[in-house]
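Down below is the structure, laid out as structure tokens.
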Amino acid sequence: MTFTHPHPGHTAKEKISRLRIALALTIFGAIIEFAGGIISNSLALISDAGHMLTHIFALGTSYLAILLTLRPATKRRTYGLYRAEVLAAFVNGIFLIFIAIYIFYEAVKRFIHPAPINIAEMLGIALIGLFINGISTVLLAKVSGHDLNIKSAFIHEIGDMISSIAVVGAGVLIFVTKNYVFDPALSFMICALIVVWASKLLVDSANILLEATPPHLDVDEVVHAIRSEIPDVHEVHHVHAWTISSSMYALTAHIVIDDCHISSANEILHKINMLVKDKFHIEHTNLQFECLVKQTKADKGSS
């Protein structure tokens, strides 16, 4: 049996630093947009500021989750707190859905009862908000590749950035056409995008929490690879594979081999571990050997 803990990520410090900066920028952007919305009488800006407030919570949750994953494992929590990032991603996904519902509700109200807006002030503040969201999005994009927690925060920032783009675009179109209907129309598009991203995030994080087989793994393929590439293995059964946290996969299985010395069994164990690590990126294994009992001539005669 081997019980290996891969490192939670050599970029943990970078993730914390980038999240901290993104969080500070988002707080600043929310304050600016809320004040600008009051000055310009723009409900779009005020709504976007509220949107950013929910993202402040999301970024704060993601930031806290990374700090928790850096804490060492204990006897009570033998995996440490790696799953905190997955739980944060799931919670953020739910909040994204509620954000989309809120934006949709506000868009319907503006569609039915358009309100006059001070376009110059609205555009100026919206451009500042877009610039801030753009910086935050770029910061998180570079560290969101294989981390659901950072990915959820990144999706929040994309949602904020698209929302800011929609506000700027609506302002330009309203300025040119004097038609306020463009504001809610763009908001409907934002809702659709957020729902798509949030749904995928919820499915991915829920599958991990329910310990489903990782999407890149085919259990039958893993069994076939072990049996075909390691001649000493006769059978593989009771196979379970799951994701502990982002890019951290685990596997348990019963391995049937010939009766042999412990040193020989350790060699087989090493081969299996190297195989599943190199071919399937599984670094955490718990393998139980079973001995293949061969019948003697006396046994065969009596049977």
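About its Cα centre, how strong a charge dipole does the chain have in debye, to the nearest 20, once Lys and Arg get +1 and Asp and Glu get -1 at the Cβ?
The calculated dipole for the chain is roughly 600 debye.
Name the residue farthest towards the positive end of the dipole of the chain from the options S62, V195, T26, assuming +1 on Cβ of Lys and Arg, -1 on Cβ of Asp and Glu, about the Cα centre.
Farthest towards the positive end: T26.
Would you calculate, for the chain, the mean residue ellipticity at 222 nm contributed by helices, counting each DSSP H stretch of 4 or more residues as -39,500 (n - 2.57) and dividing by all residues, to the nearest 500?
One gets -23500 deg cm²/dmol as the mean residue ellipticity at 222 nm.
Here are some values of Rg and Dmax of the Cα atoms in Å: (1) 19.3, 57; (2) 26.6, 99; (3) 18.3, 62. Which one was computed from this structure?
Here the calculated entry is (2).
Determine the percent antiparallel among the DSSP beta bridges restricted to the chain, to the nearest 5.
Around 45 percent antiparallel, to the nearest 5.
Of all trypsin sites (Lys or Arg not before Pro) in the stretch 65-97, which ones are in loop regions per DSSP and have a Cβ with at most 15 other Cβ atoms within 10 Å?
K75, R76, R77
How far is the Cα center of the stretch 12-48 from the Cα center of the stretch 165-183, in Å?
The distance from the Cα centre of the stretch 12-48 to that of the stretch 165-183 comes to 21 Å.
Ranked by Cβ crowding within 10 angstrom, fewest neighbours first, how are M161, M189, M122 ordered?
Fewest to most other Cβ atoms nearby, the residues stand as M189, M161, M122.
Quick one: D218, D48, fewest Cβ neighbours within 10 Å first, how do they rank?
With the fewest neighbours first, D218, D48 line up as D218, D48.
Can you order the peptides 103-109, 225-231 by their average number of other Cβ atoms within 10 Å per residue, highest first?
103-109, 225-231
Amide H of E290 versus every other amide H placed in the peptide plane: which residues, excluding those fewer than 5 positions away on the same chain, fall under 5 Å?
So E290 has HN proximity to I255, V256, I257.
Filter the chain for me: DSSP H helices, axial length by Cα at least 24 angstrom, mean Kyte-Doolittle hydropathy not below 0.5. List them by residue number.
12-40, 43-69, 83-112, 119-141, 148-177, 182-209
In the stretch 12-209, with Lys and Arg counted as +1 and Asp and Glu as -1 at Cβ, which of these residues, Y82, A170, I132, has the Cα nearest the positive end of the dipole, that is, farthest along it?
Y82
Residue by residue through the stretch 248-260, which ³J(HN,Hα) values in whole Hz follow from phi under the Karplus form 6.51 cos²θ - 1.76 cosθ + 1.60 (θ = phi - 60°), with glycine and proline marked x?
Values per residue, Gly and Pro as x: 10, 10, 10, 9, 10, 6, 9, 10, 9, 9, 5, 5, 7 Hz.
Count of lysine pairs in the chain with Cα atoms under 14 Å apart, counting only pairs 8 or more residues apart in sequence or on different chains?
6
Neighbour counts of other C-beta atoms within 10 Å: give me S47, S263, S247 arranged from fewest to most.
Going from least to most buried by this count: S263, S247, S47.
Taking the Cα centre of each part, how many Å lie between the stretch 115-145 and the stretch 65-91?
Between the Cα centres of the stretch 115-145 and the stretch 65-91 lies a distance of 32 Å.
The numbers here are math on the coordinates, done by the rules we state, and not lab data. For clarity, every value in this text was computed on a predicted model and none was experimentally measured. All Cβ positions, glycine included, derive from the backbone under ideal geometry; neighbour counts span all protein chains shown.
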